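Undergrad: Sharing a structure below in structure tokens format, with a few things to ask.
The values are calculated or read from the model by the stated rules, or taken from the named source; none is laboratory data. Note that the coordinates shown come from a computational prediction; the quantities given were computed from them, not determined experimentally. Cβ placement follows ideal geometry from the backbone for every residue including glycine, while neighbour counts extend to all protein chains displayed. Just the protein is used for accessible areas: all its heavy atoms, side chains included, with ligands, DNA and RNA removed. Shrake-Rupley method; radii C 1.70, N 1.55, O 1.52, S 1.80 Å.
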Amino acid sequence: MQYDVTLPADYDMDIIRTRVATRGHLLDDRAGLGLKAYAIRERGVDGSPVNQYAPFYLWQDPGRMSEFLVGGGGFQGIVDDFGRPVVRHWTGVGFHPGPAVADPPRAASRLLTTLAAGTDLASTDLTATDLATAVAHALDELSALAGTEGVHCAALAVDAHHWQLARFVLWHEDVPAAHEATERYRVLHLSTPEMADIPTGRHW
């Protein structure tokens with residue numbers, strides 16, 4: 001699950017840093033939550049054109065996610081301060097801890113890839129018509145990427161409404177310049193109440 005709160009170009013991002021420093025610990029023991037990365041994009045940093053608060057969640061329990069969003073379980077604070085953003089949610093299909101899983105992540109990357117129809121069945125890329133083959137290929141790539149030095153953890157999920165794959169990677173230091181990403185973030189805090197319970201590898 002992720003939502004993007006896009007802020008004015010002249011917004012003081014230290015306000016968000018203070019918000020996370022004072023409130024980030026509140027989800028450190030949240031039942032049903034695998035992890036929450038308190039991610040931001042800052043205009044002019046890492047190529048970002050915008051100021052944005054964009055936390056990313058991996059939920060262990062969908063019911064707890066629903067409680068958080070609409071049951072008074074915490075999301076109202078975002079609504080009160082910034083209005084109600086669009087919340088994207090995906091179905092998790094793979095997860096791997098990386099070599100730097102014991103180190104606090106300072107950066108993150110997200111890659112969104114459309115699973116387009118009508119392309120060559122023999123293709124090995126993510127536009128292959130054979131959906132299972134395309135996702136299997138993406139899972140193999142995820143597994144290989146997760147072994148990269150500096151990776152804290154890596155997750156793959158699918159949005160079956162827009163038929164997109166989302167690959168989200170946490171990094172101990174900076175996202176490597178050569179790494180393919182749609183967005184690059186700085187991570188201000190990581191809550192991991194049930195990260196140890198997230199199944200490793202393919203989720204079926």
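Undergrad: For segment 6-44, how many residues are in a strand (DSSP E or B) and surrounded by fewer than 18 Cβ atoms within 10 Å (Cβ to Cβ)?
TA: Quick first cut of segment 6-44, residues in a strand (DSSP E or B) only: 6-7, 33-41.
Then keep just the ones that are surrounded by fewer than 18 Cβ atoms within 10 Å (Cβ to Cβ); that gives 6.
Selection size over segment 6-44: 1.
Undergrad: Follow-up. Go through segment 45-57 and give me each residue that's open to solvent by 40 Å² or more (accessible area, probe 1.4 Å) and either part of a helix (DSSP H, G or I) or touching a residue at least 60 places away in the same chain (Cβ under 8 Å) (or both).
TA: The answer is V45, D46, G47.
Undergrad: Return only the number of the condition from (1) touching an Asp or Glu at 6+ places or on another chain (Cβ under 6 Å); (2) outside any strand (DSSP E or B) that E67 does not satisfy.
TA: (1)
Undergrad: Here is a follow-up. Looking at segment 89-99, can you tell me whether even one residue there is more than 16 Å from the chain's Cα centre (by Cα) and modelled with pLDDT of 95 or more?
TA: The initial filter retains those residues of segment 89-99 that are more than 16 Å from the chain's Cα centre (by Cα), namely 99.
Going one step further and asking which of them are modelled with pLDDT of 95 or more, we end up with 99.
Checked against the condition, which is being more than 16 Å from the chain's Cα centre (by Cα) and modelled with pLDDT of 95 or more, segment 89-99 yields at least one hit.
Undergrad: Does A116 satisfy the condition of being more than 16 Å from the chain's Cα centre (by Cα) and either touching a residue at least 12 places away in the same chain (Cβ under 8 Å) or crowded, with 19+ Cβ neighbours inside 10 Å (or both)? Walk me through it before giving the result.
TA: Numbers: more than 16 Å from the chain's Cα centre (by Cα): yes; either touching a residue at least 12 places away in the same chain (Cβ under 8 Å) or crowded, with 19+ Cβ neighbours inside 10 Å (or both): yes.
So A116 fits the description; yes.
Undergrad: Turning to a different aspect of this structure: So G73 passes all but one of these: (1) open to solvent by 20 Å² or more (accessible area, probe 1.4 Å); (2) at pLDDT below 95; (3) not β-branched (V, I, T). Which condition number does it fail?
TA: Here G73 meets the rest and fails (1).
Undergrad: If you take the residues in segment 77-100 that are open to solvent by 60 Å² or more (accessible area, probe 1.4 Å) and assigned to a loop (DSSP other than H, G, I, E, B), which one is nearest to H189 (Cα to Cα)?
TA: Here the answer is P99.
Undergrad: Something else about it: All but one of (1) surrounded by 14 or more Cβ atoms within 10 Å (Cβ to Cβ); (2) modelled with pLDDT of 95 or more hold for S123, so report the exception by its number.
TA: Failing condition for S123: (2).
Undergrad: If we scan segment 175-190, do we find a residue that is aliphatic (A, V, I, L, M), in contact (Cβ under 8 Å) with a residue 24 or more places away in the chain and in a loop (DSSP other than H, G, I, E, B)? Steps first, please.
TA: Here is the first cut: in segment 175-190, the residues aliphatic (A, V, I, L, M) are 175, 177-178, 181, 187-188, 190.
Next, only the ones that are in contact (Cβ under 8 Å) with a residue 24 or more places away in the chain stay: 175, 181, 187-188, 190.
Okay, now just the ones that are also in a loop (DSSP other than H, G, I, E, B), so 175, 181.
Yes, that holds for at least one residue.
Undergrad: Residues L142, L156: which one is in a helix (DSSP H, G or I), under 21 Å from Q60 (Cβ atoms), open to solvent by less than 30 Å² (accessible area, probe 1.4 Å) and not acidic (D, E)?
TA: L142
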